[in-house]
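Colleague: Let me begin by handing over the structure; questions about it come next.
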Amino acid sequence: QVQLVESGGGLVQAGGSLRLSCAASGRAFNGYTMGWFRQAPGKEREFVSGITWFGTGTDYAGSVKGRFTISRDNAKNTVYLQMNSLKPEDTAVYYCAAQYGVAVTANVHEYSYWGQGTQVTVSS
């Protein structure tokens, strides 16, 4: 069992930045590919970014590419999402997820563990 806790959400003006963190605990964090997803009101949960265990493989949704950066510190069992140039359409609850695997996948059903989410609100 892996427990995930997100933090770092909040209210920010358009053009601003936020850094989300996801701290993992429980069974060994080794070998888990991590993903960030988001869900806006009335919409389905969507893939934002993912990173492999060694951090050598990353992927981003087209809507955030060039603005968001995912990283991880395995010594701290923590994954980060640096979000720059935020837009009102980035407003959503952001979720951290983990899946034991090699490649990053955007498929929400491939992830076994989820955090409780952190709210990000971008005002115009």
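The values are calculated or read from the model by the stated rules, or taken from the named source; none is laboratory data. These figures come from a predicted structure and were not determined experimentally. Backbone-built Cβ (ideal geometry, glycine too); neighbour counts: all protein chains shown. Surface accessibility is based on the protein's heavy atoms, side chains included, excluding ligands, DNA and RNA. Shrake-Rupley method; radii C 1.70, N 1.55, O 1.52, S 1.80 Å.
Colleague: Under a Cβ-Cβ cut-off of 15 Å, what is the net charge of the residues other than residue 16 that fall near it, where Lys and Arg count +1 and Asp and Glu count -1?
Modeller: +1
Colleague: Taking the Cα centre of the range 22-124 as origin, sum charge times position over the Cβ atoms of Lys and Arg (+1) and Asp and Glu (-1), and report the length of that vector in debye to the nearest 20.
Modeller: That gives the range 22-124 a dipole magnitude of about 140 debye.
Colleague: Accessible surface of residue 27 in the full protein assembly, 1.4 angstrom probe, to the nearest 10 Å²?
Modeller: Near enough 140 Å² of accessible area.
Colleague: Something else about it: Mind checking the range 1-94 for GluC sites (Glu not before Pro) that DSSP puts in a loop (not H, G, I, E or B) and that have at most 14 other Cβ atoms within 10 Å?
Modeller: 44
Colleague: For the pair residue 13 and residue 110, what calculated FRET efficiency results from E = 1/(1 + (r/R0)^6), where r is the Cβ-Cβ distance and R0 = 25 Å, to the nearest 0.05?
Modeller: According to the calculation, E is roughly 0.15.
Colleague: Measuring from centroid to centroid over Cα atoms, what is the spacing of the range 1-59 and the range 101-124 in Å?
Modeller: The two parts, judged by their Cα centres, are 5 Å apart.
Colleague: What order do 47, 37 take when sorted by accessible area (1.4 Å probe), most exposed first?
Modeller: 47, 37
Colleague: Would you mind calculating the relative contact order of the chain from Cα pairs under 8 angstrom and at least 6 residues apart, reporting the percent as a whole number?
Modeller: Across the chain, relative contact order equals 36 percent.
Colleague: Now, a different point. Using 0.36 nm per residue, how much length does the chain from residue 119 to residue 43 gain when fully extended, once their Cα-Cα distance is taken away?
Modeller: Once the chain is fully extended between residue 119 and residue 43, it gains 25.9 nm.
Colleague: Provide the per-residue ³J(HN,Hα) series for the range 74-79, in order, calculated from phi with Karplus coefficients 6.51, -1.76, 1.60 and θ = phi - 60°, each as a whole number of Hz, with x at glycine and proline positions.
Modeller: 5, 5, 9, 6, 9, 10
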